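In what follows, a single structure is set out as structure tokens and then discussed.
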Ligand SMILES: Cc1cc2nc3c(=O)[nH]c(=O)nc-3n(C[C@H](O)[C@H](O)[C@H](O)COP(=O)(O)OP(=O)(O)OC[C@H]3O[C@@H](n4cnc5c(N)ncnc54)[C@H](O)[C@@H]3O)c2cc1C
């Protein structure tokens, strides 16, 4: 099969890697270099966890993705996934964490229910007054996101894919690529100012830009989300300190991985941000995050802020992904709607999309187009405001 993929974020680059190593003829197009910070996949780190409340399908997808990320590591010799573990702070017995525990246990995925005092041993300091228990996922952790996306694209090329730098617009079932110095990054095949790429399938995996390309068909909200990195000193280095999520307070973080500092981010929806707008300075969330840190991790009260950064979310209405054939175009497919939790699933979703492209198993109905009910539960943002 000949497949054109526009977008080399986790979704597009994973699909390119999956299809190219299965022997398909793949062209991967991106307006930027893979791993560019302007893309949603461009950050240094993203959590990988199997806990998804009671949702068996996302749970299994994350577990499958973990195996595939390990395969990518084996191909490249790079350490892309760091199993620092993830601690889920449960404030009630009947919440997301208890549902996750049941789903993980049913699928044989390691997890431990710790009483708050045991949970406190995972961190240099932990405030536990409001906790019922801690759900610990020892095999969860962090993906080195930017490096992982670059590795996916590089390995796709190693398996024969052609990587093209250029801006694409849809024209019927084709992708028209502009800017042709745009052209050949890895295949030397292109050279004109404008190229029309067609194939058995053209897959648009364009992250926050999908709404602009396909209008009402892909109603995404694009928002500005802040990541803050604090100086915790040597005690807070990861591995050693796990990632953590306070789902009901919509806040998460990690220990200090790769010397970036202790990461902490509010997972409430930020203000709208156009896909092509410059990323603003991080200026909104520091006070709220500091207040939380002082309560939850008293040793971090007053920690110096190393850096604050903004990134984009592309949110579907219900936080489910989008992966479906265009309703009117036979060979056009759309994949996206990562909704703040898509990174880890990249290679697993790619397997499913690859099967669908080749006429195999149908994609989940909830990934299709049409009306969706509001919801944000699949990212690390539960119902209460922080
Ligand atoms: C702050 C933050 C924290 C997150 N935390 C996590 C987490 O902990 N765990 C997790 O699993 N997920 C997390 N996510 C979500 C995850 O990062 C995204 O869901 C995922 O990266 C989306 O990938 P994508 O491939 O759909 O989009 P992108 O990475 O944005 O890739 C789309 C690509 O398409 C290209 N493109 C767009 N339009 C065109 C065009 N017309 N022509 C050519 N190229 C084009 C872009 O240049 C871009 O490279 C987080 C996201 C953010 C912002």
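Please treat every number below as a calculation from the coordinates, not as lab data. This is a predicted model, so every value here is computed, not measured. With ideal geometry, Cβ positions are generated from the backbone for all residues, glycine too; neighbour counts draw on all protein chains shown.
R0 = 56 Å: FRET efficiency of residue 355 with residue 125, Cβ-based, nearest 0.05?
E between residue 355 and residue 125, to the nearest 0.05, is 0.75.
Working out 0.36 nm times the residue gap between residue 328 and residue 117, then minus their Cα-Cα distance, what length gain in nm do you get to one decimal?
Full-extension gain reported as 70.3 nm.
What whole-number value in cubic angstrom gives the convex hull volume per residue for the C-alpha atoms of region 81-221?
Taking only Cα atoms, region 81-221 has a hull volume of 201 Å³ per residue.
Figure the gain on full extension for residue 73 and residue 22 (residue separation times 0.36 nm, minus the Cα-Cα span) and round it to one decimal in nm.
Gain on stretching residue 73 to residue 22: 16.6 nm.
Among 259, 160, 308, determine the one that fluctuates most according to a GNM of the chain built with springs between C-alpha atoms less than 10 Å apart.
The residue that fluctuates most here is 259.
According to a simple spin-label model (label point 7 Å from Cα along Cα-to-Cβ), what is the distance in nm between residue 196 and residue 372?
It works out to 3.3 nm between the two label points.
Treat region 246-297 as a sphere of radius equal to its Kirkwood radius over Cα pairs and apply Stokes-Einstein at 37 °C in a medium of 0.692 mPa s; give the translational diffusion coefficient in µm²/s, rounded to a whole number.
Here the translational diffusion coefficient equals 258 µm²/s.
Under 1.5 on a/c is rounded, so check that first for the chain, then, if it is not, pick prolate when a/b is larger than b/c and oblate when it is not; a ≥ b ≥ c are the square roots of the alpha carbon gyration tensor eigenvalues.
Taking the square roots of the gyration eigenvalues as a ≥ b ≥ c, the chain is prolate.
Given springs between every Cα pair under 10 Å in a Gaussian network model of the chain, which of 173, 278, 25 has the largest fluctuation?
Taking springs between Cα atoms under 10 Å, the residue moving most is 278.
Based solely on its DSSP helices, what 222 nm [θ] is calculated for the chain when runs of n ≥ 4 H residues each add -39,500 (n - 2.57) and the sum is averaged over all residues, nearest 500 deg cm²/dmol?
Computed mean residue ellipticity for the chain: -7000 deg cm²/dmol.
So how tilted is helix 56-76 from the main axis of the chain? Cα-based, degrees 0 to 90, rounded to 10.
70 degrees
Using only the Cα atoms, work out Rg/Rh for region 262-326, with Rh taken as the Kirkwood radius, to two decimals.
1.08
Name the residue, out of 265, 168, 56, whose mean-square fluctuation peaks in a Gaussian network model built on the chain with Cα pairs under 10 Å.
Highest fluctuation among the options: 56.
Compute the label zone of residue 299 within region 137-153: residues whose backbone N is under 11 Å from the point 7 Å along Cα-to-Cβ.
none
Is region 138-181 rounded, prolate or oblate when judged by the Cα gyration tensor, a ≥ b ≥ c being the square roots of its eigenvalues, rounded requiring a/c under 1.5 and prolate requiring a/b larger than b/c?
prolate
Between residue 237 and residue 56, what is the spin-label point distance in nm, taking each point 7 Å from the Cα along the Cα→C-beta axis?
Here the answer is 4.3 nm between the modelled labels.
Each label point is 7 Å from the Cα along the Cα-to-Cβ direction; what then is the distance between the points at residue 283 and residue 94, in nm?
Using points 7 Å along Cα→Cβ, the separation is 4.4 nm.
In angstroms, what radius of gyration and Dmax does region 234-386 have, counting Cα atoms only?
Every Cα atom of region 234-386 included, Rg and Dmax give 18.6, 57 Å.
Per residue, how much space in cubic angstrom lies within the convex hull of the C-alpha atoms of region 9-129?
Convex hull of Cα atoms, per residue: 153 Å³.
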